[in-house]
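Heads up: the structure comes next, in structure tokens.
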Amino acid sequence: MISFDWTPREKKLLIALVIVSVVAIGTLVFADNSDSKTKEKTLQPYSPLVTEKKESREAKSKTEKLVVDLKGAVQKPGIYEMQAPARVYQVVEKAGGANEQADLSQVNLAQMLTDGMVIYIPRKGEMVPVVGQASNGANESGTKSGKININTATIQDLEKLDGLGPSKAEAIVKYREEHGAFRSIDDLTKVPGIGEKTLQKFRDQITV
């Protein structure tokens, strides 16, 4: 049997080396176990319900349609169907763009479109609201005094005026779309079929 003759100093060094080795191995094992547990905690189980809801919202956003009414100084005024989300400039482009009479300085071309929106592109020299929500009836077409605003009224609103039937109401709306907003009540006499005598029947029922 081999016998080692260790001095007291060598024995102390050997014991210290063994202790350091044991501590180092223990530290490595503990660190490895902690890292594995951390990875297990961070792994999230697959949730098909959450994924399906997200995909459903994205699909709905892609298929949503907006119907807007574009009026005023554009090449082709009319009703347009747009893919949401969309902005005013996009529907103007779809209508062939603004014409040479348009005053785009009054228009917020970056405004987001909403379903049922009425968009009016003014002509140079006009001072009118440019973009707004579609009218929901006589309450929005009128004023606080109950008078009907001839620049925002629908055909149905105008038919409520004394002496105005469907044909004359339609003529007013058509004239407004082709020539822009009325600057005064007397401008109504420029509409075919409406003279001063007819205007007097409902003058006190309207406003601009």
| task | Tell me which residues, restricted to the range 183-203, are under 41 Å from the mean Cα position of the chain (by Cα), assigned to a helix (DSSP H, G or I) and touching a residue at least 24 places away in the same chain (Cβ under 8 Å). | result | Ile185, Leu188, Phe202
| task | Scan the range 172-193 for residues that are surrounded by fewer than 18 Cβ atoms within 10 Å (Cβ to Cβ) and either of a type in the set (Gly, Ala, Ser) or over 26 Å from Lys76 (Cβ atoms) (or both) and report the count. | result | 5
| request: Could you please give the count of residues in the range 161-177 that are in contact (Cβ under 8 Å) with a residue 12 or more places away in the chain, of a type outside the set (A, V, I, L, M) and under 13 Å from Ile150 (Cα atoms)? | output: 5
| query | If you go through the range 167-186 one residue at a time, do you hit one that is out of contact with any strand residue (DSSP E or B) (no Cβ under 7 Å at 6 or more places or on another chain) and over 23 Å from Ile121 (Cα atoms)? | reply | yes
| task | Please name all residue pairs, on different chains or six or more residues apart, with Cβ atoms under 9 Å, provided the first residue is in the range 74-89 and is crowded, with 16+ Cβ neighbours inside 10 Å and the second residue is of a type in the set (D, E, K, R) and part of a strand (DSSP E or B). | result | Pro77/Asp69; Pro77/Lys71; Tyr80/Asp69; Met82/Lys65
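Any read-out appearing in this document is the output of simple, stated calculations on the displayed coordinates, not a laboratory observation. All values reported here derive from a predicted model rather than from experimental measurement. Cβ atoms come from the backbone with ideal geometry, glycine included; neighbour counts cover every protein chain shown.
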